[in-house]
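Below: one structure, written as structure tokens.
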Amino acid sequence: MIHGPYDPAMDGERVALSAALVVFGATGDLAARKLYPALAALAGRRALPHRLALVGVARTEMDDEDLRERVRKAIFDAVKTPEEMAAFEALDICVRYVAGDADDPTTYERLSEVLDECDQRHGTAGNRLYYLSTIPQLFPAIVGGVGSAGLAEEPPGTFRRLVIEKPFGHDLHSATELNKVLHAVFAENQIFRIDHYLAKETVQNILALRFANSIFEPLWNRRYIDHVEITVAEQLGVEHRGTFYEQAGALRDIVQNHVLQVLSLVAMEPPASFAADPVRDEKVKVLRSVRPLDPNEMTRVVVRGQYGPGEIDGERVRGYRDEDGVASDSNTETYLALRLEIDNWRWSDVPFLIRTGKRLSSRVTEVALHYKRVPFLPLPRTAIDSVEPNITVLRIQPEEGIEVSFAAKVPGSPFRVRTVPLDFSYRGFTEQSPEAYERVLFDALAGDATLFIREDEVDQAWRIVQPLINAFDAGTLPLHLYPAGTWGPDESNALFDDPKDQWRKP
Ligand code: BG6
């Protein structure tokens, strides 16, 4: 047997209990690209529950064997190692399929029968993890259907959990409404809202760096830090997701979720413990402290952009308005730079500068903490090649690692000083990082909600971005075009005009 006991590399103490994984949207893109390969990878790590049933639900008419074949193909297309494929093949996973509409009660009646069969014949012990991998418009119907069929109630000793993908609402109001829909059926501790950034090893490493070392935390505040930059830059354009992206833009696609999650980990106070609620309590406190953007200030602290045609790695690429599913006069931003302030004792007067964009010149996600200048440089001017304030860079991707820059004497005489990097690369670890979706699936099966977003975090994140949504809708913020393959509109460089505001060039 390949599966179980649980891989200590994945997690020594937590246990993913036997369960049925019910994937709504089982024939969709996300399931094929992320979920099924994640199952194979977990199998390869021996981290899957002892008994697992995969129950797919979608509209396509097909049978259990068809779904099994799709899962095999998705895994075959995605797995990195033959071992993963072999481990998955060797697994005794029961694959079942239920065809039906999300708003048809008989879909859930059939699902209920199939789940009972899984319990009886496959030992899934009444545990269910419902995974919403559909378009968000279907979330209310599915949750309602699951609720009406009595499939959310937890008989003693079992769990019924709901994993929900982003986007979680499209503004503050719709997110609040969606939370009401979920809570009519599931309690908050049954709900696992995904932000796949939280499942990235290097995002979690922010916590390790801050709270497992004594050398960083004493400097991690307004006394020493001048400003913080958070960059999420992508080379990719909108690919085949033009229709979705038209409704989202960079604000909803990246800032409301991934960027604010990273910001909360960088800025939070030490949690009482690393359990789910203490960590999320501290994150939400930070989000609550983010100063609301003043509509009258917005043109000074926010820059919107959209990519036009350009060149990426020597290849011509089309502009956003020429992408499939995008309006030829689209006003959607593919780039956003903004400045946020956190009103608390630790961060008062330390700007958090955020930028994100598609079709930028390289792919890089990082957090850069810029320290203050030394108060006085007791060196002759001729001694200084290029002494810059210290920076700690947390490189989240692609070159995962940490870099600290500091001044050092240039060898030889006369006396000269230059800024040099001290570099740690994650490649130094021999252990392999699990993919974000492996982590998400394992943690949800193990019932650990630390890396999932709580209701109050969602509310606070929407509260922060709602003034921007209002301004975008009112057309009060101009949209600047930038050529694909550049670092975004020039206006963002001029956005902040004091020395605090020089962007680091990644
Ligand atoms: C997704 C966005 O949430 O994150 C995509 O919808 C984006 O538009 C992606 O490309 C970026 O994720 P990663 O893991 O590649 O940084």
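The values are calculated or read from the model by the stated rules, or taken from the named source; none is laboratory data. Quick caveat: nothing in here was measured; it's all calculated off a predicted structure. Every residue, glycine among them, receives a Cβ derived from its backbone with ideal geometry; neighbour counts consider all protein chains shown. To get the accessible areas, we keep the full protein, side chains included, count just its heavy atoms, and leave off ligands, DNA and RNA. Shrake-Rupley method; radii C 1.70, N 1.55, O 1.52, S 1.80 Å.
Descriptive notes on the structure:
- Here r is the Cβ-Cβ distance between R72 and D92 and R0 is 22 Å; the resulting FRET efficiency, rounded to 0.05, is 0.90.
- Virtual paramagnetic centre 7 Å along Cα→Cβ of E388, amide N under 13 Å, in the range 181-203: none
- In this view, the solvent-accessible surface of R51, computed with a 1.4 Å probe and all protein chains in place, comes to about 70 Å².
- Relative contact order of the range 127-248: 22 percent, from C-alpha pairs under 8 Å at least 6 residues apart in sequence.
- Heavy atoms of T107: accessible area, 1.4 Å probe, square angstrom to 10: 0 Å²
- Ranking of L52, L481 by solvent-accessible surface, largest first: L481, L52 (1.4 Å probe, protein heavy atoms only, all chains present).
- Seen from D294, the other residues with C-beta closer than 15 Å to its C-beta sum to a net charge of +1, counting Lys and Arg as +1 and Asp and Glu as -1.
- Shown is the FRET efficiency for A187 and I135, computed with R0 = 25 Å from the Cβ-Cβ distance and rounded to the nearest 0.05: 0.50.
- Value of relative contact order over the range 62-191, rounded to a whole percent, pairs C-alpha under 8 Å and six or more apart: 21 percent
- Residues C94, C118, ordered by accessible area of protein heavy atoms at a 1.4 angstrom probe radius and largest first, appear as C94, C118.
- All other residues whose Cβ lies under 10 angstrom from that of L162 are scored, Lys and Arg at +1 and Asp and Glu at -1, for a net of +4.
- D66 accessible area, 1.4 Å probe, all protein chains in place, Å² to nearest 10: 70 Å²
- Each label point was placed 7 Å from the Cα along the Cα-to-Cβ direction; for R223 and R381 their separation is 3.4 nm.
- Cut-off 13 Å, label 7 Å out along Cα→Cβ of W345, residues of the range 266-308 by amide N: 269-270
- The Cα center of the range 321-398 and the Cα center of the range 424-451 differ in position by 26 Å.
- When the Cα gyration tensor is reduced to axis lengths a ≥ b ≥ c, the ratio a/c is 1.5 or higher for the range 425-494, and with a/b not above b/c it is classed as oblate.
- Among beta bridges that DSSP assigns inside the chain, antiparallel share in %, nearest 5: 55 percent
- Taking other residues whose beta carbon is less than 11 angstrom from the beta carbon of D281, and scoring Lys, Arg as +1 and Asp, Glu as -1, yields 0.
- Residues listed by number, the range 359-397, amide nitrogen under 19 Å from V417 label point at 7 Å toward C-beta: 370-392
- Per-residue packing, averaged as other Cβ atoms within 10 Å, sorts the ranges 125-135, 409-419 into the order 125-135, 409-419, beginning with the highest.
- Length added when fully stretched, E311-N213, from 0.36 nm per residue minus Cα-Cα: 31.0 nm
- Sites E431 and T243 - FRET efficiency at Förster radius 41 Å, r taken between beta-carbons, to 0.05: 0.55
- Assigned charges on the beta-carbon of Lys, Arg, Asp, Glu; the chain dipole about Cα centre (debye): 1700 debye
- Global form of the range 232-328, assessed from the alpha-carbon gyration tensor, a/c cut-off 1.5: prolate
- Helix-derived mean residue ellipticity, 222 nm - over the chain, DSSP H n ≥ 4, -39500 (n - 2.57), to 500: -9000 deg cm²/dmol
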